[in-house]
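Have a look at the structure below before the remarks.
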Amino acid sequence: MASLKEIKGRIASVKSTKKITSAMKMVASSKLRKAQTQIERFLPYEIKVAGILNNFLSGYNEDEQISSAFSESRPAKRVAIVALSSNSSLCGAFNSNIIRLLSNRIQHYSSQHAEIEIYPIGKKVEAAVQKMTLPVEAKGSYIPLMDKPDFEGAKAIADALIKDFLAKKIDRVDLIYNHFKSAGVQVPTEELFLPFDLTKHQTTKSVPTDYLIEPDRRAIIESLIPYALRSKIYAILLDSVAAEHAARTVAMQIATDNADEILDELTIQYNKQRQNAITSELLDIIGGSEGQK
């Protein structure tokens, strides 16, 4: 059984840990609010770009074939995977979920004898890729993007993927990231980036928008799709950052609650042993006094 001194030391240690987890929770909550603000500021732009593209696509008749260089479907002989993680830990299963999805996706493509290149955004996924035994090619390092997301960085990644896809250097691009659903729920998500799904953006309207188009509808759509793809990379970057801070807030709250429970148990144990020690001393005193009679 632990001595009173040892229990007192454990209580002090747990109190110190609780202060740290509580402070980290407050910092994560503050960063989460900033991340949500960034998403809210960018969302109108993304919605507007998607709306314009939808309006143009809805102008096609049902019997017309919609095609684009960005939507060309080819056998997946060489694929690219964009995987987003955090740069630091203490955020629950946030990173392990992404690494698990990435490993499953790599095994799937490896079984099809496809060449795989990975764009690792975040220190944790980059470290996981470096440790992989399967033959994969890491395309650059994007650790700063997770600390300070910016559109130019997202645009550079999107443009590189678009360039390689149009040049037929890659046949498919997948996105793997954590979707911020709420402060308490982050959903590990796999999503197709390229080829671009035109039917997903084609909405049926009772009265199609009748644009006067110059030079033609196809040329306008071809110029709009890159904007949508760049917006998508930036959107999932903001999404993943918000999900990371939400996951860390929850993890630190759970750690703080656990510290409270441990403190309660240690306090009860300390009081019991202290009471036993006092009782033992009293019995010794009484025994001594009885022996002198």
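Enumerate the helices (runs of 4 or more DSSP H) found wholly within region 85-191, keeping only those where 3 or more residues are touching a helix residue (DSSP H, G or I) at 6+ places or on another chain (Cβ under 9 Å) and acidic (Asp, Glu).
none
When region 231-251 is examined, which residues are found to be small (Gly, Ala, Ser) and more than 18 Å from ILE99 (Cβ to Cβ)?
Scanning region 231-251 gives SER231, ALA235, ALA242, ALA246.
Taking region 166-181 as the region of interest, how many residues are over 22 Å from the mean Cα position of the chain (by Cα) and touching a residue at least 24 places away in the same chain (Cβ under 8 Å)?
5
Would you tally the residues in region 245-266 being closer than 11 Å to LYS18 by Cα and within 26 Å of the chain's Cα centre (by Cα)?
7
Name every residue in region 35-61 that is modelled with pLDDT under 85 and either out of contact with any helix residue (DSSP H, G or I) (no Cβ under 7 Å at 6 or more places or on another chain) or closer than 14 Å to ASP239 by Cβ (or both), in order of residue number.
Of everything in region 35-61, those that are modelled with pLDDT under 85 and either out of contact with any helix residue (DSSP H, G or I) (no Cβ under 7 Å at 6 or more places or on another chain) or closer than 14 Å to ASP239 by Cβ (or both) turn out to be GLY51, ASN55, SER58, TYR60, ASN61.
The values are calculated or read from the model by the stated rules, or taken from the named source; none is laboratory data. Computed from a predicted model, the values in this text were never measured in an experiment. No Cβ is skipped: glycine too gets one built from the backbone with ideal geometry, and neighbour counts run over all protein chains shown.
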